[in-house]
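The values are calculated or read from the model by the stated rules, or taken from the named source; none is laboratory data. Quantities reported herein were computed from a predicted structural model and do not represent experimental measurements. Positions of Cβ are generated from backbone atoms using ideal geometry, with glycine treated the same way; all protein chains shown enter the neighbour counts.
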Amino acid sequence: MAYDQEVSGWSVSVRHYIVIIDDDKAVRTALRRLLRCAHHKAEAYGSGREFLKDLDQHTPDCLVLDVQMPDMSGLQIQQHLSALGASVPVVMITGHDEAGAQEACLAAGASSYLRKPLDRSVLLEAIERAISSFAERRAHS
């Protein structure tokens, strides 16, 4: 799906709507900038609760979730969305890898599990792969 985004007074067509949820403001800012440069509409939230308040307005094409956050973990956000029946492709990111975390996130439905610092091309590929495999599964169900 294509979206229009206002950039310096110009309306620009963007590829996908991506939401980043990370408690680290520097990470949110950097990822939002990267995704916008890659022609995606990108929004960032500092917590899962902030994001869930806005979920009614528009469901993203993909979520980039930090695994470890103080209020609500990325895995808890993913599980909460599943309980609501909101199917959204998820790419998990972490700066603090713990034993079993990758397996738990992937078992809960995350498409990818990436470790910080993130490689730009690897992240962008993971997002594209998550969106396309999600679309394929929907088309065949």
Just give me the residues in region 20-31 being buried (at least 19 other Cβ atoms within 10 Å of the Cβ) and out of contact with any Ser or Thr (no Cβ under 8 Å at 6 or more places or on another chain), in sequence order. 20, 22, 27, 28, 31
Is it true that some residue in region 2-20 is at pLDDT 95 or above and among the acidic types (Asp, Glu)? no
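Restricting to strands (runs of 3 or more DSSP E) lying wholly in region 34-141: which have 1 or more residues that are within 13 Å of residue 21 (Cβ to Cβ) and modelled with pLDDT of 95 or more?
Working: elements: 41-45, 62-66, 90-94, 112-115.
The strands (runs of 3 or more DSSP E) meeting that bar are 41-45, 62-66, 90-94.
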Can you say whether residue 54 is under 20 Å from residue 118 (Cα atoms) and not small (Gly, Ala, Ser), as far as the supplied structure shows? no
